[in-house]
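A short write-up of the structure that comes next.
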Amino acid sequence: MDVSDRSVRLTIEAQPSDPPGAAPGFLAGTPFEPQLSGSPPRPGVAAAGGDGDSSERRVDGGAVAAAGPERRLTLLALRLAVLEKAASGLGALGFIWATVVLLGGFAITLERVDFWSVTAILLVEGARIFSRSHELEWQHQATWSLAAAGRSSARLVARSFRRLAFFCGTRTGKAASGGGWRRGGWAWTAWWPRSWSWSFLSSHVGRLFYWLQLASATACVALSGVRLARQDFGDAADARTNRRSALDIFYGLALAEALLFLVEKAAWEWEVSHGRLLERVAAECRLAGAPGLVAIRRFFYDAYSRCVEGSIFEGLRMDLVSFAEELIVGGSRDEQRVGVGILVNVAAASPPLGDDALRRVGTSPAVVERLVEMLGWTGADERGARASAALVVSKLASKKRNALRVAGVPGAIESVSSLLHAADEECNLLGLLIIKKLARDHDNCSKIGNARGLLDKIIDFSVIGGGASPASSPATGPLTASRAKAVQRSLQVIKMLAETTGSTGKQLRREVAEIVFTVSNIRAVLQHAPAGLRRLGAEVLTRLAMDADARERIGGTGGVVAILLDMFLRPGASGEAARVEAGEALAMLALESPRNCERILRAGGGAATIDRLVDAIEDAAIGVGAGRVLTNLCAYAGGSGGRFRQLRRATRGAAAALRGVAAADEAKPLEVSLGLAAQLVRLMGPRELAGHLAAAGVSEAGLARRLVGVLAAHACPSIRAPRVRRFAVELVIALLRAAAPAAAGPMAAAGMGAELRHVAETTSELECFHVFSGSAGLSRHAVGLAALVDAALELMAAAAAAAAEPEPAAPHV
């Protein structure tokens, strides 16, 4: 153990002496009490966050999430695929029948009209099959940009235009200007006018194939129907007896195939075009606008393609989450934009669907890694996708397990840090939110502190105006809602880093305090921000002041102590919560710092400061804070010259402190009253002490019994009030020194000696520290509790011996 840092790590368990209702793992409200690992967050922290950081809802991995709106699309794809496969099966059977039976067996005996009818039907069906195989591909192309299409569909373009190139001319080389086609000295720099977009061309080619299919099916129905109706298959002498039946079967198969295809198309048009199913599903999935409709259309085409090309049930296994994951992991950048846009809207859906989507995304390392990679996109046209990826990552980081996966991606902290450097306020806010959620883990705090320049950038966002700030900091104009949110999240992150435990927390507090803009930015927040931000700023100062060097830096920054004192003592200047936090900050600054004690007294006018603090002792809102500040001032301000006279004015509050000792039921007010009474009694003589006891309505015997009762009630160290027994022993010592003969008798009669010996046998490291960082104690008391108990027992013994000595006899005259 490094003794020089004056810290020790404790393993604390809840004790029977904790107040009723305080469950094991009680989380302290301030650094003056220890905090157990795994404790729930303070209610005030969650309220102040305002980011919807709710506790993690457990989702059973084996449970099947409720079906989303896209289920209707996959069911439609299934129905259409059944019709398509039935038509394809009949078409294949008809093709085999025509080639093997008719053209193979009856070719020389067929009438001319039947021969050409069969040939025409086969050609028409071939054209329909060719159109069908390319329609969906070209419909996919309609949702891609030209660059993405060039990467993703080279084979499709070559396959579709191979015959077109044959008719247009031979490919003799690339044109120097644009890589086009050359024929007879004419160079085509492009295959289509520049004003045509890829989406425009793809959609029109797809429509061309669509109408070609309808024309083919219609022609097939007409030819087959006419030949079946006429039944004039010829009566040649050499005709086979089965020719009529063979032709009837072929025309019947062709007619059934074409009718099934037309029924499929009618169902498609009825649901998609007339019923506007895609638009309705897009609206229910919150995929608004043209990009959302494109995403839903591509999802439907993919589901239909899978049902047609594979098992008819293949599309039923698809949903928007799996579709988005495929686009993000295996797609081009344009497809990744579509995928992350889908995830954003699905994650914002109803809690069951949103939670299930985040759970599935969080368990896919490839998706998480690609999302983190997208945070570093810097293209102007990629700003929206970058913000969407940041939003998804922020939702993932809300769950502790997912936050660990996000932070485990190589370069994750650097990618998140890049969001703070973006010239986009939305990305800045999301970057701060992600860092805030990652900072809940101790190891992530270490990574954040080690990331180059990240602490400086986080502190830059705490600028609110009125203070020095670097040129790279955000604009400091009027405090808009978004700027206030940025300041809030920046302060929350700084506070969480300052609360980190162990050597990491110690290093982070020093690094944050050493940045020259930290305290001045917080000073501006305390001066100009709303009450909620002022409270948060005071909390940050309290946590930073846990480090002794940072304590001096904060106190030495001009105006900080005066602003905190004004916040604390002036009603109406801030909200009640902000006043309480300002008192905690002042108490922390005054701890073991004579210079800060001097600054506090000077900021309020010396004696006037003491008077105002004494008046605040009985204030229900800030009484605990005022007691702590007065206690530290009396303990560490020094008693030389005029300062002693100023501190002596604090004895006006002795009666209130003694009443608190006698009547307080809660552990924290009792602890503060004991500590303040012990310091004030040191400043008084016997007569003055008797007067304050009378003013408080407490007798010496009653006070002795109360102290014995406090020690008996806290037989073991209490997490909620770790200094109760120490302050009670200090008060016993102060009373024995101020009025030894009068106080020793009641204490002995109440059984104080036995209680003190029990305290000596049950002392703990928990009672040896002023401040705690988690379960680690900081700033050890100069005198141990065991030494205080020995001193109290010696004073009691000395008082008892003095009382036992006979009084000297009066001299004889």
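Can you list residues whose amide H is under 5 Å from F769's amide H, if they're 5+ apart or on another chain and H is modeled 1.01 Å from N?
Under 5 Å from the amide H of F769: H781.
Cα to Cα, under 21 Å, and not fewer than 8 places away if on the same chain: which lysines meet these conditions relative to K265?
Here the lysines satisfying the reach criterion relative to K265 are K85.
Exceeding 31 Å between C-alpha atoms, which entries from my cross-link table qualify? They are K399/K506; K399/K495; K447/K668.
K447/K668
Using the Cβ atoms and a cut-off under 12 Å, what net charge is assigned to the surroundings of R280, where Lys and Arg are +1 and Asp and Glu are -1?
Once positives and negatives cancel, what remains is -2.
Tell me the per residue accessible area of region 511-572 using a 1.4 Å probe; a whole number in Å² is fine.
31
May I ask you to give the solvent-accessible area per residue for region 607-758, in square angstrom, as obtained with a 1.4 angstrom probe?
36
With every protein chain present, what is the per residue accessible area of region 364-434 (1.4 Å probe, Å²)?
Per residue, region 364-434 has an accessible area of 39 Å².
What do you reckon, how do D248, D547 stack up by accessible area (1.4 Å probe), largest on top?
From most accessible down to least: D248, D547.
Quote to one decimal, in nm, the extra length available between A92 and L404 on full extension: 0.36 nm per residue of separation minus the C-alpha distance between them.
Result for the pair: 106.9 nm of gain on full extension.
Tell me which residues come under 5 Å, amide H to amide H, from C716 once H is placed; ignore anything under 5 positions away on its chain.
Residues meeting the criterion, in which the H sits 1.01 Å from N, are S17.
How large a share of the accessible area of region 609-673, in percent, is made up of carbon and sulfur atoms when the probe is 1.4 Å and the other protein chains stay in place?
Percent of accessible area from carbon and sulfur atoms in region 609-673: 47.
With θ taken as phi - 60° and the coefficients 6.51, -1.76 and 1.60, list the Karplus ³J(HN,Hα) couplings across region 302-312 in order, rounded to whole Hz; mark glycine and proline as x.
Each residue of region 302-312 in turn: 5, 4, 5, 4, 5, 5, 7, 7, x, 5, 5 Hz.
Loop only per DSSP, at most 15 neighbouring Cβ atoms within 10 Å: give me the GluC sites (Glu not before Pro) in region 654-745, ordered by residue number.
E666
Placing +1 at every Lys and Arg Cβ and -1 at every Asp and Glu Cβ, with all other atoms neutral, what dipole size does region 288-338 have around its Cα centre, in debye to the nearest 20?
Computed charge dipole of region 288-338: roughly 160 debye.
The values are calculated or read from the model by the stated rules, or taken from the named source; none is laboratory data. Not measured: the values here are computed from a predicted model. For neighbour counting, all protein chains shown are included, and Cβ atoms are generated from backbone atoms with ideal geometry for every residue, glycine included. Please note that ligands, DNA and RNA were not included when accessible areas were found on the heavy atoms of the full protein model with its side chains. Shrake-Rupley method; radii C 1.70, N 1.55, O 1.52, S 1.80 Å.
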